[in-house]
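First comes the structure, then the notes that go with it.
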Amino acid sequence: LRVQASGVIKLIDTIGYEKAQVIGYSSGAWLTAGLLQYYPERLSSALIGGWDIVNGLPQGPDGPLKFDFFMSYARKTAPELASWVTPDAEAGLSAFFHSLSQHQPMDTVIKQSCVPVAFWAGKDDPGYSSIEAWAKENEFPFLSGNGDHVTAMLQPDSLTLHQIQAFINQVCSK
């Protein structure tokens, strides 16, 4: 996670910014949590969407979610998102997935962070209930959108976009 987060920091440096407001959904939210853990001084705010910061990847039908099951499901349910995964690319994607499965709970890091953080999930996302409950229990803003895990990220509704903009505006006004 530290290596992936350092890549984002290099990008922020390359484009010439000292700090960034980061929005991550799904594995991007995992990476956003990693930025909060390793580089909080480089973030103005963080929006974590579609990622359970306590439990990480959801369970598969036979226990922890496995890469082969995930890819099979992705190819069936969102072929347009999985079409780029060639046999050559699959090894790298599998290694990334393995990193995701080595999840360390991020709740303490986020609770102790001085960076403004909000959470977001589509109402039909399998992790919606646990993400919403954790955010509310710990008094973090929670943005509720329409859609499942994929559509909440790729096609957010206008209310979600408005909530995201309001969160960013609130951070910028401080």
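The values are calculated or read from the model by the stated rules, or taken from the named source; none is laboratory data. All of these numbers come straight from a predicted model, not from anything done at the bench. When we count neighbours, we look across all protein chains shown, and the Cβ atoms used for this are built from the backbone with ideal geometry, even at glycine. Please note that ligands, DNA and RNA were not included when accessible areas were found on the heavy atoms of the full protein model with its side chains. Shrake-Rupley method; radii C 1.70, N 1.55, O 1.52, S 1.80 Å.
Below is a table of values for the structure above.
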{"item": "Only one of 150, 115 that is over 17 Å from residue 55 (Cα atoms), among the aliphatic types (A, V, I, L, M) and at pLDDT 95 or above", "result": "115"}
{"item": "Complete set of residues in segment 28-44 that are closer than 14 Å to residue 4 by Cα and either open to solvent by 40 Å² or more (accessible area, probe 1.4 Å) or not polar (S, T, N, Q) (or both)", "result": "28, 29, 30, 31, 33, 34, 35, 36, 37, 38, 39"}
{"item": "Test: residue in segment 11-18 that is open to solvent by less than 60 Å² (accessible area, probe 1.4 Å), within 30 Å of residue 169 (Cα to Cα) and either under 18 Å from the mean Cα position of the chain (by Cα) or touching a residue at least 12 places away in the same chain (Cβ under 8 Å) (or both)", "result": "yes"}
{"item": "Selection from segment 63-117 of residues that are out of contact with any helix residue (DSSP H, G or I) (no Cβ under 6 Å at 6 or more places or on another chain) and of a type in the set (Gly, Ala, Ser)", "result": "63, 72, 83, 89, 91, 92, 95, 99, 101"}
{"item": "Residue in segment 55-70 that is of a type in the set (Lys, Arg) and under 21 Å from residue 166 (Cβ atoms) present", "result": "no"}
{"item": "Neighbours by Cβ (under 8 Å, 6+ apart or cross-chain): first from segment 147-174, closer than 22 Å to residue 20 by Cα; second among the β-branched types (Val, Ile, Thr) and modelled with pLDDT of 90 or more", "result": "156/164; 164/23"}
{"item": "Matching residues in segment 138-174 - criterion: being exposed (fewer than 13 other Cβ atoms within 10 Å of the Cβ) and either touching a Leu at 6+ places or on another chain (Cβ under 8 Å) or within 18 Å of residue 125 (Cα to Cα) (or both)", "result": "154, 155, 158, 159, 161"}
{"item": "Enumeration of residues in segment 125-151 that are of a type in the set (D, E, K, R) and part of a helix (DSSP H, G or I)", "result": "132, 136, 137"}
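Conditions (1) over 30 Å from residue 136 (Cα atoms); (2) in contact (Cβ under 8 Å) with a residue 40 or more places away in the chain; (3) open to solvent by less than 70 Å² (accessible area, probe 1.4 Å), marked per residue:
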position	(1), (2), (3)
9	no, no, yes
20	no, no, yes
82	yes, no, yes
90	yes, no, yes
99	no, yes, yes
103	no, yes, yes
